[in-house]
Amino acid sequence: MDQVRAHLWISGHFFGEAYRRRIAQTADTLHVNGWLRRLVDGRLEAILEGEPDSVEEAIRGSRRSGGGVCISSVVVRWEGY
């Protein structure tokens, strides 16, 4: 199956490392590869790569608030794989 790559910029209020761990666990469960880092302006930047349905599900997961996290926006740019 074809692979896709999504580049994300995530804005919001993040409490500790819980959100980053949650995204990593979700990606691992969905067999999505990539990375996540905090930018100097406080946003998170992520690259997600994998099968289209799995990457879409991981993006949906990145938009969920809760557990000390309040997501205000997720900007997604699809890139060539």
Would you please name the chymotrypsin sites (Phe, Trp or Tyr not before Pro) within segment 1-44 that are DSSP coil residues with at most 16 other C-beta atoms within 10 Å of their C-beta?
Phe15
Over every pair of different alpha-carbon atoms in the chain, take the mean of 1/r and invert it; report that Kirkwood radius in Å.
12.6 Å
Picking from Ala27, Ala18, Ala58, which is most flexible by a Gaussian network model of the chain using Cα springs under 10 Å?
Ala18
Per residue, accessible area of the chain with a 1.4 Å probe, heavy atoms of protein chains only, in Å², comes to 61 Å²
Can you tell me the 0 to 90 degree angle between the C-alpha axis of helix 52-62 and the longest principal axis of the chain, rounded to 10?
0 degrees
With the chain treated as a Gaussian network of Cα nodes joined by springs under 10 Å, which of Arg20, Arg38, Arg63 yields the largest mean-square fluctuation?
Arg38
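The values are calculated or read from the model by the stated rules, or taken from the named source; none is laboratory data. Here the structure is a predicted model, which is why all the values come from computation and not from measurement. For neighbour counting, all protein chains shown are included, and Cβ atoms are generated from backbone atoms with ideal geometry for every residue, glycine included. What goes into the accessible areas is simple: the full protein's heavy atoms, side chains included, and nothing from ligands, DNA or RNA. Shrake-Rupley method; radii C 1.70, N 1.55, O 1.52, S 1.80 Å.
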